[in-house]
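Since the structure comes first, as structure tokens, the remarks are kept for the end.
The values are calculated or read from the model by the stated rules, or taken from the named source; none is laboratory data. Because the structure is predicted, anything quoted here is derived from the model rather than measured. Heads up, the Cβs are rebuilt from the backbone with ideal geometry, glycines too, and the neighbour counts pull from every protein chain shown. Heavy atoms of the whole protein, side chains included, go into the accessibility calculation; ligands, DNA and RNA do not. Shrake-Rupley method; radii C 1.70, N 1.55, O 1.52, S 1.80 Å.
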Amino acid sequence: MNAKGRVFRYYDNVDTDVIIPARYLNTSSAAELASHCMEDIDRDFVSKVHKGDIIVAGANFGCGSSREHAPLAIKESGISCVIAKTFARIFYRNAINIGLAILECPQASEKIQAGDEVEIDFSTGLIRDLTLNLEFRAEPFPPFMQALISKGGLINYLKEEEGK
Amino acid sequence: MGMTSTEKILASAAGLDEVHAGQLIMAKLSLVLGNDITSPVAIEEFKKFSLDRVFDKDKVALVPDHFAPNKDIKAAQQCKCMRTFAHDMDITNYFEVGQMGVEHALLPEKGLVTAGDVVIGADSHTCTYGALGAFSTGVGSTDMAAGMATGKAWFKVPSAIKFNLTGSFRPFVSGKDLILHIIGMIGVDGALYKTMEFAGPGVASLSMDDRFTVCNMAIEAGGKNGIFPVDEKTIAYLKEAGAGEPRIFTSDEDAVYERVYDIDLGQIESTVSFPHLPENTHTVSQCPEIRIDQVVIGSCTNGRLSDLEAAAAILKGRHIASGLRCLIIPATQKIYRDAMKEGLFDIFLDAGCVISTPTCGPCLGGYMGILAEGERCVSTTNRNFVGRMGHVKSEVYLASPAVAAASAVMGKIADPAKLD
């Protein structure tokens with residue numbers, strides 16, 4: 001599994017209130033949520049994002065509320081992966097549970113710039129910045145989480161376990 | 001190797017003799033919680049299991065509190081979705097408007113959580129119940145759905161940071177000042193993925209309401225859970241609430257902590273978090289003059305009876321500043337009634353405040369008290385992110401009920417100890 005796209009660059013402590021403001025949480029429609037994704041810190045995100053694009057951020061990405069609407073909005077907007085130095089724990093869980101690819105990689109988080117073209121090989125954790133001609137290696141997921149992701153999220157994983 | 005109280009609770013729930021930080025476990029759940037924002041997403045996921053019942057109808061709690069009483073048509077649809085599900089699944093602990101309250105004040109009050117429990121809630125402030133010696137943590141809607149279906153959740157056992165408390169608070173200082181001080185000290189990711197364990201002789205001096213407030217904001221330091229030891233005050237609280245028999249897990253002497261902080265409660269000052277992160281703390285005595293437009297006193301952090309009493313003690317015989325709005329939001333119906341019986345409502349009304357039915361509304365910029373461009377609010381809530389309470393160019397300053405009330409009187413951030 002691979003991803004390739006242009007980078008939207010954000011910094012530390014991107015909270016779930018700016019990913020999807022609570023004023024839009026009166027719906028759980030992914031398309032409607034995506035139409036407001038990131039608008040409180042980046043008015044242009046929604047108009048500029050293309051399928052496959054990548055978010056690169058600093059520490060503690062997704063801090064704040066437990067709203068699963070945040071990773072849902074990002075996924076629905078077309079983002080193929082979020083790379084950050086660290087993720088807030090509920091966001092991390094939610095992203096895995098709904099099948100939004102996320103990678104922790106402090107070096108990539110530090111070097112990759114807005115607009116760079118980046119390619120990711122999820123099987124090896126290799127991140128290539130094609131614009132800067134740099135390579136980074138992300139922390140692999142523990143086997144349990146790899147199983148969750150490969151089954152397409154928590155619900156499918158549990159249904160399969162139940163069937164065993 | 002010794003275990004922390006959190007490790008012991010998780011080991012027990014996973015049916016293991018011992019667990020340690022980093023271990024992945026599957027734990028049995030004592031309670032699964034959702035609200036009107038997170039439950040509709042969870043209900044859609046739950047349907048994928050094709051089940052006609054939840055794992056235990058007494059162990060799911062559904063509370064319409066965020067956008068309820070319904071703020072608009074879409075919110076009404078979401079509340080209806082949850083209400084229908086609660087009815088179809090015969091959920092015991094569904095709390096309709098009229099019985100409901102802000103979930104993290106309501107569940108302990110109703111005796112739904114006891115010491116030793118493992119609780120997940122699709123709300124980040126589910127960590128509040130650590131005040132009762134339970135392991136409780138916030139999750140997303142998919143985890144909530146899986147919890148309702150299976151009665152289990154996976155966890156990575158967290159490592160721990162200990163806060164060794166000594167002494168007692170000075171007048172006008174409270175649990176809110178303590179937790180804001182800690183977040184200022186360690187940062188909004190200072191406890192990322194970790195347990196924040198509060199211990200030491202100073203614990204005895206903290207009221208249960210203070211402990212709820214402290215654990216409530218563990219998530220604001222990135223924590224997985226906050227937890228207090230169980231003492232006489234905890235037992236008395238649980239008994240009065242009619243909670244289940246407490247199972248008391250005590251941290252071993254040789255339990256492993258990544259860091260230990262010693263905090264003298266007597267040195268904590270009234271503290272305010274400036275926009276736009278809870279870690280941007282200043283003591284009130286250091287605050288420059290900051291004029292404000294609104295004050296909110298309420299929420300799962302500070303909407304309990306002692307919070308309203310602290311605010312009323314300041315507002316008694318005083319009036320809020322001209323041109324300012326002050327919203328008082330008792331967190332549950334019981335708190336509402338108790339505050340009314342104690343005569344606090346007269347004090348608030350005489351001071352020019354408005355009193356609302358329980359709701360999370362303003363805390364997350366949902367409704368009731370939304371801020372316009374350039375407006376500033378001192379709030380006893382828990383987050384001051386960009387746009388949290390309204391316009392993207394509005395500002396939220398987090399503070400205790402005493403500081404919020406003093407600020408309402410002065411029309412600017414003010415020290416309750418220095419009012420005339």
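Could you list which residues have their amide H under 5 Å from that of B:A160, counting only those 5 or more apart in sequence or on another chain, with H placed in the peptide plane? The list, which skips near neighbours in sequence, is B:T195, B:E258. For B:D17 and B:K47, a Förster radius of 45 Å and the Cβ-Cβ distance give a FRET efficiency of 0.75, rounded to the nearest 0.05. In this structure, B:S207 and A:F144 have a Cβ-Cβ separation that, at R0 = 41 Å, corresponds to a calculated FRET efficiency of about 0.50. In this Cβ point-charge picture (+1 for Lys and Arg, -1 for Asp and Glu), chain B has a dipole of about 740 debye about its Cα centre. Accessible area of B:C360 (1.4 Å probe, protein heavy atoms only, ligands and nucleic acids ignored): about 20 Å².
Comparing the full protein assembly with the isolated chain, the residues of region A:37-73 losing at least 40 square angstrom of accessible surface (1.4 Å probe) are A:D40, A:N60, A:G64, A:S66, A:E68, A:H69. Between B:E96 and B:K393, the FRET efficiency estimated from the beta carbon spacing at R0 = 30 angstrom works out to 0.20. Judged by a Cβ-Cβ distance under 4.7 Å, the unpaired cysteines of chain B are B:C79, B:C81, B:C127, B:C215, B:C287, B:C300, B:C360, B:C363, B:C377.
With the whole protein complex present, B:I219 retains an accessible surface near 20 Å², based on a 1.4 Å probe.
Taken one residue at a time, the phi angles of region B:357-368 give Karplus couplings (6.51, -1.76, 1.60, θ = phi - 60°) of 5, x, 6, 7, x, x, 3, 10, x, x, 6, 6 Hz. Gly and Pro are set to x. Taking only protein heavy atoms and a 1.4 Å probe, the accessible area of chain B is 50% carbon and sulfur. Basic side chains Lys and Arg get +1 at the Cβ, acidic Asp and Glu get -1 at the Cβ, and with that the dipole of region B:256-312 about its Cα centre reaches some 140 debye.
Ellipsoid semi-axes for region A:42-126, based on the Cα gyration tensor and the rule √(5λ), read 18, 16, 13 Å when sorted largest first. Remark: region B:225-308 carries 47 Å² of accessible area per residue (probe radius 1.4 Å; ligands, DNA and RNA excluded). Note that region B:150-161 has calculated 3J(HN,Hα) couplings of 10, x, 9, 8, 8, 9, 9, 4, x, 6, 9, 10 Hz, one per residue in order, obtained from phi through the Karplus relation 6.51 cos²θ - 1.76 cosθ + 1.60 (θ = phi - 60°); glycine and proline are x. Summed over all non-identical Cα pairs, the Kirkwood treatment of region B:197-272 gives a radius of 14.2 Å. For region A:11-60, the Kirkwood hydrodynamic radius comes to 11.7 Å, computed from all pairs of different C-alpha atoms. Largest accessible area first, the listed residues A:S29, A:S77 line up as A:S29, A:S77 when surface is computed with a 1.4 Å probe on the assembled protein chains.
In whole angstrom, chain B maps to an equivalent ellipsoid with semi-axes of 32, 26, 18, each derived as √(5λ) from the alpha carbon gyration tensor and ordered largest first. Here B:E197 sits with roughly 10 square angstrom of accessible surface, probe radius 1.4 Å.
Using the 1.4 Å probe convention, the accessible area of region B:32-135 works out to 32 Å² per residue with neighbouring protein chains retained.
When the residues A:D15, B:D264 are ordered by accessible surface, computed with a 1.4 Å probe over the protein chains alone, the sequence from largest down reads B:D264, A:D15.
Within the straight-line cut-off of under 16 Å between alpha carbons, the lysines reachable from A:K85 are A:K111, sequence neighbours fewer than 8 places apart in one chain being disregarded. What you get for the protein assembly as shown, charging only the Cβ of Lys and Arg (+1) and of Asp and Glu (-1), is a dipole of about 760 debye around the Cα centre.
Association of chains B and A removes close to 3700 square angstrom of accessible area from solvent, both sides included, for a probe radius of 1.4 Å. Computed over all pairs of different Cα atoms, the Kirkwood value for the hydrodynamic radius of region B:293-420 is 14.0 Å.
The separation of region A:74-140 from region B:347-398, counted between C-alpha centres, amounts to 35 Å. Accessible surface ranking for B:M410, B:M100, 1.4 angstrom probe, highest first: B:M410, B:M100. Ligands, DNA and RNA left out, the 1.4 Å accessible surface of region A:5-73 is 50% carbon and sulfur atoms. The share of Cα pairs per 20 Å bin across the protein assembly as shown, counted from zero up to the longest distance, runs 22, 57, 20, 0 percent. Rg then Dmax, both in Å and based on the Cα atoms of region B:153-257: 14.0, 43. Note that region B:118-129 has calculated 3J(HN,Hα) couplings of 10, 10, 10, x, 7, 6, 5, 8, 4, 4, 3, 6 Hz, one per residue in order, obtained from phi through the Karplus relation 6.51 cos²θ - 1.76 cosθ + 1.60 (θ = phi - 60°); glycine and proline are x.
Of the residues B:C81, B:S12, B:G303, the one whose Cα sits farthest towards the positive end of the charge dipole of the protein assembly as shown is B:C81 (charges of +1 on Lys and Arg Cβ, -1 on Asp and Glu Cβ, taken about the Cα centre). Farthest towards the positive end of the charge dipole of the protein assembly as shown, among the residues B:N382, B:S400, B:G175, is the Cα of B:N382, using unit charges on the Cβ of Lys, Arg, Asp and Glu. Of the cross-linked pairs A:K151/B:K80; A:K75/B:K194; B:K176/B:K224, those separated by over 29 Å at the C-alpha level are A:K151/B:K80.
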